[in-house]
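What follows is a single structure, written as structure tokens, with notes after it.
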Amino acid sequence: MTDEKEIAELVEKVVDKGATTAEEIHREVVGLPIKVLEGLGLFENTTEDVKKIQDVSIGAVYDLIRDINHKVGSMATEILGKDEEEGDK
């Protein structure tokens with residue numbers, strides 16, 4: 001494997017890990033107001049619905065980020081592979 005391909009794979013892994021970390025932080029920050037409301041015993045039915053909606057929407061956003069990252073990584077690997085083949089000629 002060429003250095004360029006190794007770098008492309010490393011970047012893809014770093015972006016994935018960064019997205020996962022950002023998602024975890026996002027979920028914690030968004031969940032704070034709901035925890036406060038729950039602690040006060042306010043809007044009990046509503047907070048469960050809000051949690052579900054937040055969970056689905058946050059998950060969808062970060063899944064999309066990771067999906068795009070994987071596609072870009074695959075494209076980079078493919079392009080680097082073509083460049084390597086052309087260099088062998």
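Observations on the structure shown:
- Dipole magnitude for the stretch 1-63: about 260 debye, using +1 per Lys or Arg Cβ and -1 per Asp or Glu Cβ, origin at the Cα centre.
- Candidates 21, 8, 45 compared by Cα position along the dipole of the stretch 3-88: farthest toward the positive end lies 45, with charges placed on Cβ.
- Vicinal HN-Hα couplings computed from phi for the stretch 12-25 (Karplus, 6.51 cos²θ - 1.76 cosθ + 1.60; Hz; Gly/Pro x): 4, 5, 5, 5, 4, 5, x, 5, 5, 5, 4, 4, 4, 5
- Report summary: the helix-based calculation at 222 nm, which adds -39500 (n - 2.57) for every DSSP H run with n ≥ 4 and divides by the residues of the chain, gives -34500 deg cm²/dmol.
- Which of 42, 37 has the fewest Cβ neighbours within 10 Å, and the rest in rising order: 42, 37
- Karplus-derived HN-Hα couplings along the stretch 43-59 (A = 6.51, B = -1.76, C = 1.60, θ = phi - 60°), whole Hz, x at Gly and Pro: 6, 4, 5, 5, 5, 5, 5, 4, 4, 5, 5, 4, 4, 5, 5, 5, x
The numbers here are math on the coordinates, done by the rules we state, and not lab data. Model, not experiment: these values are computed from the prediction. Neighbour counts are summed over all protein chains in view; Cβ atoms, including those assigned to glycine, are modelled from backbone coordinates with ideal geometry.
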